[in-house]
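Here's the structure, in structure tokens; my notes come after.
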Amino acid sequence: MAYSWFKAFHIIGIVVWFAGLFYLVRLFIYHVEAEQEPEPARTILKKQYQIMELRLYRIITTPGMLVTVAMAIGLVSTEPEVLKQGWLHFKLLFVAILLAYHHYCGRLMKKLANDECRWTGQQLRALNEAPTVMLVVIVLLAIFKDNLPTDITAWGIFGLIIFMAVTIQLYAKKRKRDKEKLMAQISQVPQEQS
């Protein structure tokens with residue numbers, strides 16, 4: 001029975017943790033892009049994003065991570081023989097990378113608060129794809145264990161994920177170009193009226 005409780009709360013922790021990670025970097029993107037806004041909007045937006053980032057990181061994302069890790073330890077304590085399985089070693093490697101990503105987001109948040117972040121909105125959009133890749137790999141390893149499929153279906157799903165990531169990046173570039181065109185048109189209107 002303990003295993004089921006650990007597993008249930010492990011999954012809940014994962015959902016909360018990933019929701020936080022996905023939204024946190026999205027807030028970073030908005031925070032960086034607020035720099036392009038005129039005053040006083042720039043200052044107001046940056047302060048608001050800073051508050052939202054801090055609350056999200058401290059109240060949702062980090063507790064989600066802690067619950068995930070604590071319940072994973074509980075799961076392993078109920079079935080310690082799982083530590084001998086190769087798939088778990090790979091899963092733990094990706095979890096370690098995800099933990100590093102989580103803490104790096106905390107550092108980026110501090111840099112944004114101090115106006116020291118040098119990331120562009122486009123670079124942050126690419127960074128925002130990292131937890132998606134980690135989630136896919138971790139879930140596939142947890143489900144298939146040592147029998148990870150390498151057939152055409154698996155490659156098709158992998159291709160679909162890559163396609164989605166590329167599409168998101170292209171859409172972001174299109175939005176940026178459209179906004180630049182609109183701003184150029186707006187700046188020309190007063191000149192024509194003069």
For this session: Would you be able to tell me the number of residues in segment 1-11 that are in contact with a helix residue (DSSP H, G or I) (Cβ under 7 Å, 6 or more places away or on another chain) and exposed (fewer than 15 other Cβ atoms within 10 Å of the Cβ)?
Result: 2
For this session: Might you let me know whether segment 51-65 holds any residue that is within 24 Å of Leu135 (Cα to Cα), touching a Ser or Thr at 6+ places or on another chain (Cβ under 7 Å) and not acidic (Asp, Glu)?
Result: no
Exercise. What residue, among those in segment 20-56 that are assigned to a loop (DSSP other than H, G, I, E, B) and charged (D, E, K, R), is surrounded by the fewest Cβ atoms within 10 Å (Cβ to Cβ)?
Worked result: Glu39
Exercise. Ile168 passes all but one of (1) assigned by TED's automatic domain parsing to the domain that holds Phe22; (2) closer than 21 Å to Phe28 by Cα; which number fails?
Worked result: (1)
Exercise. Regarding Thr153, is this residue exposed (fewer than 10 other Cβ atoms within 10 Å of the Cβ), in a helix (DSSP H, G or I) and out of contact with any strand residue (DSSP E or B) (no Cβ under 8 Å at 6 or more places or on another chain)?
Worked result: yes
For this session: Within segment 55-64, identify whether any single residue is in the same structural domain as Phe144 (by TED's automatic domain parsing), within 18 Å of the chain's Cα centre (by Cα) and under 21 Å from Leu141 (Cβ atoms), and answer yes or no.
Result: yes
Seminar exercise, completed: Taking segment 75-131 and the residues there that are polar (S, T, N, Q) and either assigned to a helix (DSSP H, G or I) or in contact (Cβ under 8 Å) with a residue 24 or more places away in the chain (or both), the one that is farthest from Gly20 (Cα to Cα) would be Gln85
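The values are calculated or read from the model by the stated rules, or taken from the named source; none is laboratory data. All values derive from a computational prediction rather than experimental measurement. Cβ sites come from the backbone with ideal geometry, for glycine too, and all protein chains shown count toward neighbours.
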